[in-house]
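Engineer: Dropping the structure in here first, questions after.
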Amino acid sequence: MAANTRATSTSTMRAPKNRQFSSRLCRISANEEKMRRLALFDPLTGLANRAHLQQHLAKAFQYPDRRLHLFYLDLNRFKQINDTFGHATGDEVLRVVSNRLAASMTDARLIARLGGDEFVVLHDAINPDRVVLDAERLLTVLSCPIVIDGRRHLIGGSIGFARYPEDCTSSEELLQAADIAMYDAKIRETGLSIYNADMKSRIEARQRISERLALALDEDALSLAFQPFIDLSSDSLIGVEALLRWVDAELGNVPPAEIISIAQEYRLLRRLGRWVVAAACKAIMGWEDKGLAVPFPTSINVAAEQLEDGSILRDITDMCEVYGVRPEQIEIELTESIMLKAPEDARQVVLGLQKLGVKVAIDDFGTGYSSLALLMQFSADKLKIDNSFITDLFADSPSFKIVEATIALAKGLGCIVVAEGIETQTQADILQRLGCGAGQGFFFDRPLPAKIFSERWLKPVAQTEFSPA
């Protein structure tokens, strides 16, 4: 009896120890699971992280007959949102995008966030027809507005697609190929790009151009060319546009559109924009120092990023002060697409510029999707009709009707009208009969270096009479 009592007592004493041991094991197991999740999953979105993806690919590549397809996604406007509205908003955007990806790609092998605003969707080999369908589904996910604190954010994205074994021999090469294709989609603004071997050399070439552009900015090796705006009724000079030019010792003549594209891609646009403002102000100062009259504004083209980050306002303010130029001697040209990309952000910057006295022109009008309300919000001083409507301008042509309506619209809004791309006397005559105030194009003159422009078009102060068209 005593022995049984001791046995029961010993068993009773062991029970708490067993429970403590079991509890300790549970805590260890929970900590291990927590560490595993931290090691393999993104804490912000809950998606697999880069390490998890690499482990998954390493296992998949152990099977020689395995075929894989990979989508590489990058968000288009995430940096601007993060910089403008803060990291909390940026984090919420990433969470929403991640949830939408998980909900729309339920048949994927793995969805991972690589870091920043880059994601990967990994599939077993899919039918070629499904590649486009899946890409469209992904682009729809990325293009849907995201509402945070009552504000709608438009993101959009670029997608690269690559295949194993067709495009690569290793998991690293698969990721690199899809990444290269994604950059190709971003550069060409196609939404989706499917990898091919030529893409790598194109990316390397763009990288080289970006290096040369950075050097050109350091060495002040860019230039501006100046093309006149002409009053169609008097043939007098009423304005000038400053156009970017770059002739590189290694690359030769680099087209302006490529310069802007490279600057945007490699984050040189802020430096480039500041250089253009400084060069335009320096040219105006140089002409005036020679006793030449510059009573009209000099136009410079402005990119969406310069409005979104407010740098154009700071640059014009700074450079007008440095070179002694009046703000009303500067005019910014905005395309319709820029107005539509960030109308709320842009409007505040434009209003700030207009308060200084800077003029505003809407460039390439008719090629975008402007609304009357948007035009009125920006209170443009000048409206430039795109040259695509001038090329085929003759009586009863579709272009004729569009140009006629555009001129009437501009006059109703109190804007000066400038027709771009005039190349013949006939075009100039038709535009004048329609009531167009001014023109620009090779018929009057091509873009010229500052010195030649001043010799050909500018007059001493005492000889000048100026009135806008």
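Engineer: For segment 50-196, which semi-axes, largest first and in whole Å, follow from the square roots of 5 times the eigenvalues of its Cα gyration tensor?
Structural biologist: Largest first, segment 50-196 gives 27, 15, 14 Å.
Engineer: Between residue 201 and residue 377, with labels modelled 7 Å along Cα→Cβ, what's the label distance in nm to one decimal, could you check?
Structural biologist: 4.5
Engineer: Starting from the Cα gyration tensor of segment 136-243, take the square roots of the eigenvalues, sort them a ≥ b ≥ c, and report rounded, prolate or oblate (rounded when a/c is under 1.5, otherwise prolate if a/b is larger than b/c, else oblate).
Structural biologist: Cα axes put segment 136-243 in the oblate bin.
Engineer: Quick one: 294, 322, fewest Cβ neighbours within 10 Å first, how do they rank?
Structural biologist: Going from least to most buried by this count: 322, 294.
Engineer: Something else now. Using the per-residue mean of other Cβ atoms lying within 10 Å as a proxy for protection, in what order, highest first, do the peptides 196-206, 355-365 fall?
Structural biologist: Highest to lowest by the protection proxy: 355-365, 196-206.
Engineer: Which loop GluC sites (Glu not before Pro) in segment 246-307, with loop taken from DSSP, have no more than 14 other Cβ atoms within 10 angstrom of their Cβ?
Structural biologist: Here the GluC sites (Glu not before Pro) that fit, given the DSSP loop and packing criteria, are 250.
Engineer: Now for a separate question. Give the share of C-alpha pairs in each 5 angstrom bin for segment 206-463, from 0 to the last occupied bin, in whole percents, shortest bins first.
Structural biologist: Each 5 Å bin holds this share of Cα pairs: 1, 6, 13, 17, 18, 18, 14, 9, 4, 1, 0.
Engineer: Under a crude label model (7 Å from the Cα following the beta-carbon direction), how far is residue 423 from residue 130 in nanometres?
Structural biologist: Reported label-point gap for residue 423 and residue 130 is 5.0 nm.
Engineer: Further, regarding this structure: Sort 412-420, 96-104 for me by packing, meaning the mean count of neighbouring Cβ atoms within 10 Å per residue, highest on top.
Structural biologist: Put in order of decreasing packing, that is 412-420, 96-104.
Engineer: Also: Going out from 0 in 20 Å bins, what whole percent of all Cα-Cα distances in the chain drops into each bin?
Structural biologist: Per 20 Å bin, starting at 0, the Cα pair percentages come out as 20, 42, 25, 8, 3, 1, 0.
Engineer: How high is the FRET efficiency from residue 169 to residue 39, r the C-beta distance, R0 35 Å, rounded to 0.05?
Structural biologist: My answer for the efficiency is 0.80.
Engineer: Out of the DSSP beta bridges found with both residues in the chain, what percent are antiparallel (nearest 5)?
Structural biologist: The antiparallel proportion sits near 60 percent.
Engineer: Cα centroid distance between segment 80-117 and segment 287-361, in Å?
Structural biologist: 35
Engineer: I'd like the per residue volume of the convex hull spanned by the Cα atoms of segment 245-344, given in cubic angstrom.
Structural biologist: 120
Rule-based calculations on the coordinates, nothing more; no lab input. It should be emphasised that the depicted structure is a prediction, and the values quoted were computed from it without experimental measurement. Here Cβ is always computed from backbone atoms with ideal geometry, including for glycine, and neighbour counts include all displayed protein chains.
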